[in-house]
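The values are calculated or read from the model by the stated rules, or taken from the named source; none is laboratory data. From a predicted model like this one, the values you see are computed outputs, not experimental measurements. Counting neighbours? That spans all protein chains shown, and the Cβs are built from the backbone with ideal geometry, glycine included. We work out accessible area using only protein heavy atoms, side chains counted, and drop any ligands, DNA or RNA first. Shrake-Rupley method; radii C 1.70, N 1.55, O 1.52, S 1.80 Å.
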Amino acid sequence: MTDIEQYTDRVFLLDNLRNISMPAFCSLALQAYELQKRYCKVYYEYLRLIGKADFQPSSVEEIPFLPIRLFKSCDVLTEISACQNESPTVFFSSATTGMKPSHHIVSDIKLYERSFEECFKKFYGESGSYNLLALLPSYMEREGSSLIYMAEKLIADTKEYGAEGGFFLYNHNELLSTLKRLAKTSKRKTILLGVSFALLDFATYVTQEISDASERKAIFCNTIVMETGGMKKRREELSREHLHKMLEHGFCCEEIHSEYGMCELLSQAYSTNIEGIFSTPPWMKVLVRDLQDPFKVYADEDSCLPSGGLNIIDLCNIYSCCFIETEDRGRLLTNTNGMQSLHRPFTVDGRIANAELRGCNMLI
């Protein structure tokens with residue numbers, strides 16, 4: 001077994017709650033840092049530009065994070081990817097007109113599949129225990145979406161177990177008919193996974209077609225509505241709280257779930273409660289940085305942290321870069337006994353103002 005195979009096996013062993021520990025995560029993160037400093041040219045060049053080429057961090061808070069916008073202009077690739085036999089898969093972010101999308105070169109697509117399948121299982125159990133309907137029109141209308149790839153694989157998994165799954169574009173009538181039928185005939189819960197603007201459009205359609213709230217509630221009482229974010233200029237940007245209230249009203253359901261992911265990461269965080277609080281799998285960790293000083297990352301042990309920019313460690317990004325400075329703003333919360341999570345839960349409170357200007361340090 002190669003060193004990289006041992007590394008990935010250890011990453012997923014973090015999900016064994018009997019062996020779960022912060023030192024184990026930190027050890028893997030520091031191992032990934034040393035490997036990517038040596039073999040990822042983009043990351044090394046960034047470290048050189050900020051005067052950290054010879055830096056040896058002693059904690060995850062000290063690790064320099066790569067500004068996410070560099071995925072737009074550079075091939076962020078760790079050269080150990082050359083050991084992979086298959087051609088790499090390239091995922092692209094969605095982008096508004098005139099903007100260059102990010103691209104993520106995924107050398108080992110099986111690692112991505114294992115990551116999102118294990119992550120889904122951790123939060124929801126086996127995918128085969130659900131019907132899975134995907135309302136992702138903007139993603140289906142372009143090539144190279146990591147979200148579509150994930151949804152396709154999860155839908156295929158559900159069908160293997162005899163559940164129902166499929167994609168929907170703007171055929172709201174067909175989607176509503178399918179949900180009505182499943183509510184009456186299926187013993188499984190149904191997950192409706194959708195991009196935010198499409199779910200809002202569908203909620204408007206549902207309320208127009210079914211004015212009786214009790215009838216809408218009967219249709220959606222056994223359905224988990226999960227939004228993946230994203231208005232992409234289709235609608236006015238809304239806070240997550242406002243979005244969820246509108247969806248809860250339209251579908252007459254008590255809570256909306258959320259998935260937080262991006263093309264630059266191979267792992268996802270999920271919010272499965274009414275407060276919109278996200279939790280990560282053990283191999284993914286969120287930290288908060290000072291908005292005025294991108295190199296200042298708040299100590300994880302502090303009980304009360306201010307809102308700031310979200311930095312993400314995704315140990316599954318071993319073939320690109322595990323340490324991403326995002327352009328999202330949020331806050332770390334105190335972990336509760338009810339959450340079986342290695343890392344602190346967090347909120348996503350929107351985009352950082354002037355993110356396109358400030359997402360990358362002016363030193364570059």
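Of the helices (runs of 4 or more DSSP H) entirely within the stretch 196-265, those holding at least 3 residues that are of a type outside the set (D, E, K, R) and in contact with a strand residue (DSSP E or B) (Cβ under 8 Å, 6 or more places away or on another chain) occupy 196-209, 240-251.
Quick check, is Ser81 surrounded by fewer than 12 Cβ atoms within 10 Å (Cβ to Cβ), at pLDDT below 95 and either under 22 Å from the mean Cα position of the chain (by Cα) or among the polar types (S, T, N, Q) (or both)? Against the criterion (surrounded by fewer than 12 Cβ atoms within 10 Å (Cβ to Cβ), at pLDDT below 95 and either under 22 Å from the mean Cα position of the chain (by Cα) or among the polar types (S, T, N, Q) (or both)), Ser81 does not qualify. If you go through the stretch 292-305 and keep only what is farther than 15 Å from Pro64 by Cα and either within 22 Å of the chain's Cα centre (by Cα) or open to solvent by less than 30 Å² (accessible area, probe 1.4 Å) (or both), you end up with Asp300, Leu305. Scan the stretch 213-229 for residues that are open to solvent by 10 Å² or more (accessible area, probe 1.4 Å) and either among the basic types (Lys, Arg) or within 15 Å of Cys253 (Cβ to Cβ) (or both) and jot them down. Of everything in the stretch 213-229, those that are open to solvent by 10 Å² or more (accessible area, probe 1.4 Å) and either among the basic types (Lys, Arg) or within 15 Å of Cys253 (Cβ to Cβ) (or both) turn out to be Ala213, Ser214, Glu215, Arg216, Lys217, Ala218, Ile219, Cys221, Asn222, Thr223, Ile224. Among the residues of the stretch 90-112, is any of a type in the set (A, V, I, L, M, F, W, C), closer than 19 Å to Leu192 by Cβ, in contact (Cβ under 8 Å) with a residue 12 or more places away in the chain and in contact with a helix residue (DSSP H, G or I) (Cβ under 9 Å, 6 or more places away or on another chain)? Checking the stretch 90-112: not a single residue is of a type in the set (A, V, I, L, M, F, W, C), closer than 19 Å to Leu192 by Cβ, in contact (Cβ under 8 Å) with a residue 12 or more places away in the chain and in contact with a helix residue (DSSP H, G or I) (Cβ under 9 Å, 6 or more places away or on another chain). Set side by side, the residues Glu227, Glu275, Glu215 differ, and just one is closer than 24 Å to Ser102 by Cα and free of Cβ contacts under 8 Å to residues at least 60 places away in the same chain, which is Glu227. Of everything in the stretch 1-35 that is polar (S, T, N, Q) and at pLDDT 90 or above, the residue that is nearest to Ile318 (Cα to Cα) is Gln31. Would you point out the residue of the stretch 127-184, among those that are charged (D, E, K, R) and under 30 Å from Glu264 (Cβ atoms), that is least open to solvent (accessible area, probe 1.4 Å)? This residue is Asp157.
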